[in-house]
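Trainee: My structure is below; once you've seen it, I'll send some questions.
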Amino acid sequence: MKRISKRPSDWISLIVLSLMALTMVIPILNILAKSLTSPENMQQMTGLSILPKGFTLMNYKILFDNPNITRSIIISVVLTLVGTTISLIFTAIAAYILTRPNFVGKNFFMLFLIIMMVFEPGLIQEYFVVRDLGLLDSFASIILYKTIDVYYLIILMRFFEEIPHSIIESAEMDGASHISIFTKIVLPLSKSAMATMGLFYGVFRWNEYFRASIYLTSPSKWPLQVLMRQFVVLNDTSSMMNASGALPAEVLKTINFESLKSSTIIVSIIPLLLLYPIILKHYTKGTLDGGVKE
């Protein structure tokens, strides 16, 4: 087999990309190492350490024994799954309608959506709307927020427009309704696009904490990201310890909160790390399909 030689520019690009990858991988490995380091050895951990000093799973045991953490994880998973599903359904329906060539008022609605994307309402006005709808301290306030992201809608419209119109015309001639065309032709031919949008919406939903911290006033309804912010950013240890059923004094004395914070961060990013490999092939194909015009 003929060996392909690399040009100097290829080697430079490889080195630069490898260094960029290290700047993202090393911090994650460092946090993981801190979460697995025994409390008495935490002083030996530096910002570049990627191996734990004295392996222990004590921090993870403390987290998963805490009903606050387990409840917040369940809430985050439910909010992400329900919110992403609803967003995909309504975004796909809107994209299908707006890509129909005989849809009356398409330009008006597109202009309206673009204006809404550029000029988002202020947080105060949004809060009053949520309050007047009686959605404060309700999971619906988080699930319904940005049910349709206009940017993602436009991307999905681009995918739907790539479907050969002759296929849809043939279905219409056979008497297929819009519901049949949408569910049996458009969606099956847009699996990569839907997977891509699902990834975008899923990451957005999982990482949402700002509005959850505003609209969900009961700590028992906080998703993982809000609880993590209270503990990691605001150093509110009570949010982690109060519901632990009073840990034994000897355990409390051995806890290193810096190591516990690292464990909390790892727990929050594991679902995303597991999600990416599952739909990576769909994401890559969907991104290329949406960016190439034949």
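Trainee: Determine, from the Cβ-Cβ distance of residue 100 and residue 14 and an R0 of 45 Å, the FRET efficiency 1/(1 + (r/R0)^6), rounded to the nearest 0.05. Write down the numbers at each step before the final one.
Mentor: On the way: r = 46 Å, r/R0 = 1.03.
The formula returns an efficiency of 0.45 here.
Trainee: Students sometimes get this wrong: rank 71, 131, 158 by accessible area, probe 1.4 Å, all chains present, largest first. Spell out each step's value before the answer.
Mentor: Details: 71 85, 131 115, 158 60 Å².
The residues order as 131, 71, 158, largest area first.
Trainee: Let me ask you something else. Given points 7 Å out from each Cα along the Cα-Cβ axis, report the residue 218 to residue 173 separation in nanometres with one decimal.
Mentor: 5.8 nm
Trainee: Please list, in order, the residues from the range 188-205 whose amide nitrogen is less than 12 Å from a point placed 7 Å along the Cα→Cβ vector of residue 278.
Mentor: Hits in the range 188-205 for residue 278 at 12 Å: 199, 202-203.
Trainee: Have a look at 58, 33, 16 and report the one farthest towards the positive end of the charge dipole of the range 1-81, computed about the Cα centre with Cβ charges (Lys/Arg +1, Asp/Glu -1).
Mentor: Among 58, 33, 16, the one farthest towards the positive end of the dipole of the range 1-81 is 16.
Trainee: Computed from the coordinates I sent, Cα extents along the principal axes in Å equals one of (i) 50, 48, 42; (ii) 76, 69, 34; (iii) 63, 60, 33. Tell me the label.
Mentor: So the structure-derived entry is (ii).
Trainee: Sticking with this one: Using the Cβ atoms and a cut-off under 13 Å, what net charge is assigned to the surroundings of residue 176, where Lys and Arg are +1 and Asp and Glu are -1?
Mentor: Value of the local net charge: -2.
Trainee: A follow-up question, please. Let's see if you can work this out: charge +1 on each Lys and Arg Cβ, -1 on each Asp and Glu Cβ, no other charges. What is the dipole magnitude of the range 21-169 about its Cα centre, in debye to the nearest 20?
Mentor: Working: 9 positive and 10 negative charges, 61 e Å.
Magnitude of the dipole: close to 300 debye.
Trainee: Express the accessible area of the chain per residue in Å², computed with a 1.4 Å probe while the remaining protein chains stay in the model.
Mentor: Numbers: 17620 Å² over 294 residues.
It amounts to 60 Å² per residue over the chain.
Trainee: Where the accessible area of the chain is counted over protein heavy atoms with a 1.4 Å probe, how much of it, in %, is carbon and sulfur?
Mentor: Numbers: 12120 of 17620 Å².
After summing per-atom areas, the C and S share lands at 69 percent.
Trainee: In addition: What ranking of 75, 167 comes out by heavy-atom accessible area, probe 1.4 Å, highest first?
Mentor: Values: 75 20, 167 70 Å².
Correct descending sequence by accessible area is 167, 75.
Trainee: Would you tell me the accessible area of residue 13, worked out with a 1.4 angstrom probe on the heavy atoms of the protein chains, in Å² to the nearest 10?
Mentor: Roll a 1.4 Å probe over it and residue 13 shows about 60 Å².
Trainee: Then there is this: On the full set of protein chains, 1.4 Å probe, figure out the accessible area of residue 237 and give it in Å² to the nearest 10.
Mentor: Here the accessible area works out near 60 Å².
Trainee: Would you look at the GNM of the chain, springs on alpha carbons closer than 10 Å, and say which of 146, 261, 184 moves the most?
Mentor: Residue with maximal mean-square fluctuation among 146, 261, 184: 184.
Trainee: Counting helices only, and only those DSSP H runs with n ≥ 4, report the 222 nm mean residue ellipticity of the chain as the sum of -39,500 (n - 2.57) divided by its residues, in deg cm²/dmol to the nearest 500. Intermediate results must be reported in sequence, preceding the final value.
Mentor: Numbers: 15 runs with 192 residues, N = 294.
Rounded to the nearest 500, it is -20500 deg cm²/dmol.
Trainee: Still on this model: How long is the gain from residue 110 to residue 89 if the chain were fully straight, where each residue apart is worth 0.36 nm and the alpha carbon distance is subtracted?
Mentor: Values: separation 21, 0.36 × 21 = 7.56 nm, distance 1.88 nm.
So the extension gain works out to 5.7 nm.
Trainee: Can you tell me the order of 203-210, 102-109 when each peptide is scored by its average per-residue count of other Cβ atoms within 10 angstrom, highest first? Working shown, then result.
Mentor: Details: 203-210: 18.4, 102-109: 10.0.
Most protected by this proxy first, the peptides run 203-210, 102-109.
Trainee: Another one. For the chain, with a Gaussian network of springs between Cα atoms less than 10 Å apart, report the residue from 214, 115, 154 with the top mean-square fluctuation.
Mentor: 115
Trainee: Also, quick follow-up: Using the Cα centre as the reference, give the magnitude of the dipole from point charges on the C-beta atoms of the chain (Lys, Arg: +1; Asp, Glu: -1; all else neutral), rounded to the nearest 20 debye. Walk me through the numbers before you get to the answer.
Mentor: Working: 24 positive and 19 negative charges, 162 e Å.
Dipole about the Cα centre, nearest 20: 780 debye.
Trainee: Using alpha carbons only, how many degrees (0 to 90, rounded to 10) separate the axis of helix 67-98 from the longest principal axis of the chain?
Mentor: Helix 67-98 sits at roughly 10 degrees to that axis.
Trainee: Right, another one. Would you please put 17-24, 81-88 in order of how densely packed they are, using the mean number of other Cβ atoms within 10 angstrom per residue and starting with the highest?
Mentor: Working: 17-24: 9.4, 81-88: 18.9.
My ranking of the peptides, most packed first, is 81-88, 17-24.
Trainee: At 1.4 Å probe size, with no ligands or nucleic acids counted, give the accessible surface of residue 99 in Å², nearest ten.
Mentor: 20 Å²
Trainee: Over 25 Å between Cα atoms: which of 34/146; 61/221; 146/261; 221/261; 61/261 fall into that group? Please report the intermediate quantities before stating the final value.
Mentor: On the way: 34/146 36 Å; 61/221 22 Å; 146/261 30 Å; 221/261 21 Å; 61/261 13 Å.
Table pairs above 25 Å Cα-Cα are 34/146; 146/261.
Trainee: From the phi of every residue in the range 153-166, what ³J(HN,Hα) in whole Hz does the Karplus formula 6.51 cos²θ - 1.76 cosθ + 1.60 yield, where θ is phi - 60° and glycine or proline is x?
Mentor: Karplus values, whole Hz, x for Gly and Pro: 4, 5, 4, 5, 4, 4, 5, 4, 5, 7, 5, x, 5, 5.
Trainee: Moving on to the next point. Could you give me the ³J(HN,Hα) list for the range 217-222, computed from phi with Karplus coefficients 6.51, -1.76, 1.60 and θ = phi - 60°, whole Hz, x at Gly and Pro?
Mentor: So the J values, rounded to whole Hz, are 7, 8, x, 5, 9, 5.
Trainee: If you don't mind, there's one more thing I want to ask. Working with all protein chains in place, sort 197, 45, 173, 117 by solvent-accessible area computed with a 1.4 Å probe, largest first.
Mentor: The ranking, largest first, comes out as 173, 117, 45, 197.
The values are calculated or read from the model by the stated rules, or taken from the named source; none is laboratory data. Just so it is clear, the model here is predicted, and its values are computed rather than measured. We place every Cβ from the backbone using ideal geometry, glycine too, and count neighbours over all the protein chains shown. We work out accessible area using only protein heavy atoms, side chains counted, and drop any ligands, DNA or RNA first. Shrake-Rupley method; radii C 1.70, N 1.55, O 1.52, S 1.80 Å.
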